Amino acid sequence: MTDALGWRRKFGVIAPSTNTIVEPDFYRMGVPGVTSHFSRIHIRDQNMDGDAGMERLLEQIRDEIGGACERVLTCEPDYMVMGMSAETFWGGVEGNKEFVRQITGITGLRVATGAEACERALNLHGARRIGVVTPYQPVGDENVDRFFTELGFTVDRIIGLKCPTAVSIAHVAEDELRSALRELASGEVDALVQCGTNLSMVGLADEAERWLGLPVIAINAATWWMALRDNGIEDRVEGAGSLLRDH
């Protein structure tokens, strides 16, 4: 039997319980016949002030992610989407591959990660030198830098906003993000990347591409784009950047 609403695909999505941005972002980029079904990773201690705080947050994610995957499997999804990004960059390229193996091992399904989605988007645009904005602490930025550098990209600069809690990431104002994008674009870069699925950037990235004249890859848009295209869904989405509009 075919699902009444998800008649093309049902996506199982894993996100931290503290994340208030990725779910509405995925809904706003929705296309007919594709549904997303969220399972939450219980974050008991959302403090991520300093490197130790961010490491503790990721430890919670690692402890809880298996259960979150098992819960969402009960709706019989066709494909998995990671509504979280830090863990997909952790440990560089091999760390992302191991993460994908872990999720596929639990679910038996293919999976879209933010890290791989950004890699695909940058290669599509022919970008080699990039600027990056994140909500992370320095240890998170180091892992983002490692991932892109191992792939052969040059990271011109990372602006890490050092958000003190997981929930506070969603409180970052558009003005602050706009300033960060302009600062990154002042370097010799081919594209800009935004990490952190709880950082609201999809609409701003779409606008910024026009006034900066550069690809601006918002991680939620890139991950959704990867999920759709991996499943042969070529629908175009307006207002979420050039990836979903033109590719």
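Exactly one condition in (1) free of Cβ contacts under 8 Å to residues at least 40 places away in the same chain; (2) within 28 Å of Gln46 (Cα to Cα); (3) assigned to a helix (DSSP H, G or I) is false for Leu177; which is it?
With respect to (1) free of Cβ contacts under 8 Å to residues at least 40 places away in the same chain; (2) within 28 Å of Gln46 (Cα to Cα); (3) assigned to a helix (DSSP H, G or I), Leu177 is out only on (1).
State all residues of region 229-247 that are surrounded by 23 or more Cβ atoms within 10 Å (Cβ to Cβ) and either in the same structural domain as Phe89 (by TED's automatic domain parsing) or farther than 20 Å from Tyr79 by Cβ (or both); if no residue qualifies, say none.
Within region 229-247, just Gly241 meets the criteria.
Name the pairs whose Cβ atoms lie under 8 Å apart, with the first residue in region 96-118 and among the basic types (Lys, Arg), the second in a helix (DSSP H, G or I), and 6 or more positions between them or separate chains?
Within 8 Å, the pairs are Arg110/Thr104; Arg110/Asp230.
When region 164-180 is examined, which residues are found to be in contact with a strand residue (DSSP E or B) (Cβ under 9 Å, 6 or more places away or on another chain), farther than 10 Å from Met201 by Cα and surrounded by 19 or more Cβ atoms within 10 Å (Cβ to Cβ)?
Of everything in region 164-180, those that are in contact with a strand residue (DSSP E or B) (Cβ under 9 Å, 6 or more places away or on another chain), farther than 10 Å from Met201 by Cα and surrounded by 19 or more Cβ atoms within 10 Å (Cβ to Cβ) turn out to be Ala166, Ala180.
If I filter region 18-37 down to residues being surrounded by 16 or more Cβ atoms within 10 Å (Cβ to Cβ) and out of contact with any helix residue (DSSP H, G or I) (no Cβ under 8 Å at 6 or more places or on another chain), which single residue comes out as nearest to Cys75 (Cα to Cα)?
Filtering region 18-37 for residues that are surrounded by 16 or more Cβ atoms within 10 Å (Cβ to Cβ) and out of contact with any helix residue (DSSP H, G or I) (no Cβ under 8 Å at 6 or more places or on another chain), the one nearest to Cys75 (Cα to Cα) comes out as Thr35.
Go through (1) under 22 Å from Asp51 (Cβ atoms); (2) modelled with pLDDT of 95 or more one by one and return the number of the condition Ser85 breaks.
Unmet condition: (2).
Which one of these is in contact with a Phe, Trp or Tyr (Cβ under 9 Å, 6 or more places away or on another chain) and either surrounded by fewer than 22 Cβ atoms within 10 Å (Cβ to Cβ) or farther than 26 Å from Ala191 by Cβ (or both): Gly66, Gly83, Gly12, Gly108?
Selected residue: Gly12, the only one of Gly66, Gly83, Gly12, Gly108 that is in contact with a Phe, Trp or Tyr (Cβ under 9 Å, 6 or more places away or on another chain) and either surrounded by fewer than 22 Cβ atoms within 10 Å (Cβ to Cβ) or farther than 26 Å from Ala191 by Cβ (or both).
Taking the stated definitions as given, is Ala205 buried (at least 24 other Cβ atoms within 10 Å of the Cβ) and in the same structural domain as Gly126 (by TED's automatic domain parsing)?
Criteria met by Ala205.
Hey, any hits in region 210-225 for a residue that's touching a residue at least 24 places away in the same chain (Cβ under 8 Å) and over 18 Å from the mean Cα position of the chain (by Cα)?
Scanning region 210-225, I find at least one residue that is touching a residue at least 24 places away in the same chain (Cβ under 8 Å) and over 18 Å from the mean Cα position of the chain (by Cα), so the answer is yes.
Has region 67-80 got any residue that is touching a His at 6+ places or on another chain (Cβ under 8 Å), among the hydrophobic types (A, V, I, L, M, F, W, C) and within 25 Å of Gly232 (Cβ to Cβ)?
Yes, that holds for at least one residue.
Looking at the structure I just gave you, is Gly152 at pLDDT below 95, more than 27 Å from Asn47 (Cβ to Cβ) and part of a loop (DSSP other than H, G, I, E, B)?
Here the answer is no, as Gly152 does not meet what is asked.
The values are calculated or read from the model by the stated rules, or taken from the named source; none is laboratory data. Quantities reported herein were computed from a predicted structural model and do not represent experimental measurements. Ideal geometry is used to build each Cβ from the backbone, glycine not excepted, and the neighbour counts take in all protein chains shown.
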